[in-house]
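A short worksheet on the structure shown next.
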Amino acid sequence: MTGLGPREFARDVWGRAAFLARGAGDFSDLFSADAVDELVSRRGLRTPFIRVAKDGATLPESSYTSSAGVGAGIGDQVDDTALWRAFADGATLVLQALQRTWAPVADFGAGLGSELGHPVQVNAYVTPPQSRGFDDHFDVHDVFVVQIAGTKRWVVHRPVHIDPLRDQPWTAFRSAVAEAADGEAHTDAVLEPGDVLYLPRGWLHAARAQGEISIHLTLGVHTWTRHALAEQLVRAALDALRDDPDMRASLPLGVDGPDDEIGIVRKRLLAAVADADAAPGFQLARRRQARPAPLGPLAQLRAVDRLGPASRVRLREALEARLDGVRLFTRVGWLDFPPADLPSVERLLDGAAHLAGDLGVDLVGRLLHAGVVVPAGR
């Protein structure tokens, strides 16, 4: 997607600097103008799957949503007429979380997330000619900008706050952002279809459509950080200290402040952190940050009803499956297995198709019911 190999990108670009790849690929199969029209006019799209912005401000939802008549009276659905009027007046349409609403983008985003090891959200930005949606700002996640249609000028500046955490939005640095945006740009380029721009979190940017409608995808990579790992480590240590009677004890009566107790608590906490295992909590948090591959209930029921030794199944994609002892952890829950089944479970983790007869028909039936395996094509 960037024209660089994975190792080269990881070594020279990832988290370090903005990077523009010209003619990185043909992305017309991912998204298009027809896809935009389909989503906003025929799919019953609702907030928060759409936002509308103009000249740096987000418009109120009530200005482009309404009920949709008989059988669809909920008032947060897109009003395509109101949306058209806002768009014709220069507003940018932001189709959010396309990994949940548009299949080609969902598959692409899931693959990218698995490759990077960080969850990915995909938004589409649809901007009328000579218009902009947002002022200079930075994101708290890395982004890959994929130009789909039209052209858009991007002006990128270096960070004023390097590697912001998720609770450190650009609005907390508004004056510094405005000052930096008046300085010399790191990148000033017009993106054309097939171009890809990578921006690490914290890099300032603003964009304006040129002489025609611009459509681009923003693949937001919600990066895991050392700070997030530290949070899991401290949480595991605090959980362990719950079992220490001295730590559960009340502070002495008449204590004006905690000064006399800080040393005791610090010593116990440091010891607990040294012994804590952050991995289980971190893995659980990772699994919760993304979704497994879609599961069709009707196809799954057919697979259960027709299950036999010749049935072919595979592990459901994007499950983040991990076998720890006799327990299989996944994004859809965990399962314990008798030792005799463990070799078959380990075989399934390779992601390839397997015959139910080779794995054990009863085991496969259990995994189909749990939504862990799915029918495999021939």
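The values are calculated or read from the model by the stated rules, or taken from the named source; none is laboratory data. These figures come from a predicted structure and were not determined experimentally. A quick note on method: Cβ atoms are made from the backbone with ideal geometry, for glycine too, and the neighbour counts reach across all protein chains shown. We work out accessible area using only protein heavy atoms, side chains counted, and drop any ligands, DNA or RNA first. Shrake-Rupley method; radii C 1.70, N 1.55, O 1.52, S 1.80 Å.
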Quiz item: Yes or no: Glu184 without any contact (Cβ under 8 Å) to a residue 60 or more places away in the chain and acidic (Asp, Glu)?
Solution: yes
Quiz item: In the range 1-19, which residues are closer than 24 Å to Pro104 by Cβ, under 22 Å from the mean Cα position of the chain (by Cα) and either open to solvent by 30 Å² or more (accessible area, probe 1.4 Å) or basic (Lys, Arg) (or both)?
Solution: Met1, Pro6
Practice problem: Tell me, yes or no, whether the range 116-135 has at least one residue that is assigned to a helix (DSSP H, G or I), over 15 Å from His222 (Cβ atoms), at pLDDT below 95 and within 12 Å of the chain's Cα centre (by Cα). | Solution: no
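Any chance you could count how many residues in the range 250-292 are assigned to a loop (DSSP other than H, G, I, E, B), hydrophobic (A, V, I, L, M, F, W, C) and exposed (fewer than 10 other Cβ atoms within 10 Å of the Cβ)? Step through it out loud before you land on a result.
Narrowing the range 250-292 to residues assigned to a loop (DSSP other than H, G, I, E, B): 250-258, 276-278, 289-292.
Within this subset, residues satisfying the condition of being hydrophobic (A, V, I, L, M, F, W, C) are 251, 253, 255, 276, 278, 290.
In the following step, the residues that additionally are exposed (fewer than 10 other Cβ atoms within 10 Å of the Cβ) were identified as 253.
So the answer is 1.
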Quiz prompt | Scan of the range 169-195 for residues that are assigned to a loop (DSSP other than H, G, I, E, B), more than 22 Å from Phe9 (Cα to Cα) and open to solvent by 50 Å² or more (accessible area, probe 1.4 Å), ordered by number | solution = Pro169, Asp182, Glu184
Quiz item: Out of curiosity, is Trp84 within 24 Å of the chain's Cα centre (by Cα), surrounded by 13 or more Cβ atoms within 10 Å (Cβ to Cβ) and more than 26 Å from His205 (Cα to Cα)?
Solution: no
Quiz item: Taking Trp154 and the conditions (1) at pLDDT below 95; (2) touching a Leu at 6+ places or on another chain (Cβ under 8 Å), which numbered condition does it fall short on, given that it satisfies the others?
Solution: (1)
Exercise. Check the range 344-359 and report whether any residue there is more than 30 Å from Ala97 (Cβ to Cβ), part of a loop (DSSP other than H, G, I, E, B) and of a type in the set (S, T, N, Q).
Key: no
Practice problem: Hey, can you tell me all the residues within the range 225-247 that are closer than 17 Å to Arg288 by Cβ and out of contact with any helix residue (DSSP H, G or I) (no Cβ under 7 Å at 6 or more places or on another chain)? | Solution: Thr225, Ala228, Glu231
Quiz prompt | Only listed residue being in contact with a strand residue (DSSP E or B) (Cβ under 6 Å, 6 or more places away or on another chain), over 30 Å from Val122 (Cβ atoms) and β-branched (Val, Ile, Thr), chosen from Val364, Val304, Val273 | solution = Val364
Quiz item: Pick from the range 338-361 the residues that are of a type outside the set (Gly, Ala, Ser) and in contact with a strand residue (DSSP E or B) (Cβ under 7 Å, 6 or more places away or on another chain): which of them is farthest from Val120 (Cα to Cα)?
Solution: Leu355
Self-check item: the range 196-249, subset polar (S, T, N, Q) and under 30 Å from Ala178 (Cα atoms), residue most open to solvent (accessible area, probe 1.4 Å)
Solution: Gln210
Exercise. Check the range 91-100 and report whether any residue there is touching a Phe, Trp or Tyr at 6+ places or on another chain (Cβ under 7 Å), open to solvent by less than 40 Å² (accessible area, probe 1.4 Å), closer than 16 Å to Thr218 by Cα and part of a helix (DSSP H, G or I).
Key: no
Quiz item: Does Val160 fit the bill of being open to solvent by less than 40 Å² (accessible area, probe 1.4 Å) and at pLDDT 95 or above?
Solution: no
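Scan the range 299-308 for residues that are open to solvent by 50 Å² or more (accessible area, probe 1.4 Å) and either in a strand (DSSP E or B) or not hydrophobic (A, V, I, L, M, F, W, C) (or both) and jot them down.
If the condition is that a residue be open to solvent by 50 Å² or more (accessible area, probe 1.4 Å) and either in a strand (DSSP E or B) or not hydrophobic (A, V, I, L, M, F, W, C) (or both), then Arg302, Asp305, Arg306 are the ones that fit.
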Exercise. Check whether at least one residue in the range 68-88 is modelled with pLDDT under 95 and part of a strand (DSSP E or B), and report yes or no.
Key: yes
Quiz item: Can you find a residue in the range 55-77 that is over 20 Å from His141 (Cα atoms), in contact (Cβ under 8 Å) with a residue 40 or more places away in the chain and either open to solvent by 20 Å² or more (accessible area, probe 1.4 Å) or in contact with a Lys or Arg (Cβ under 9 Å, 6 or more places away or on another chain) (or both)?
Solution: yes
Quiz item: Which pairs do you get when a residue that is hydroxyl-bearing (Ser, Thr, Tyr), found in the range 1-20, comes within reach of a residue that is not in a loop (DSSP other than H, G, I, E, B), reach meaning Cβ atoms under 7 angstrom, with the pair 6+ apart or on two chains?
Solution: Thr2/Phe9; Thr2/Phe19; Thr2/Ala21; Thr2/Val196; Thr2/Tyr198
Quiz item: Taking the range 309-348 as the search range and keeping residues that are without any contact (Cβ under 8 Å) to a residue 40 or more places away in the chain, within 25 Å of the chain's Cα centre (by Cα) and within 16 Å of Arg366 (Cβ to Cβ), which one is most open to solvent (accessible area, probe 1.4 Å)?
Solution: Trp334
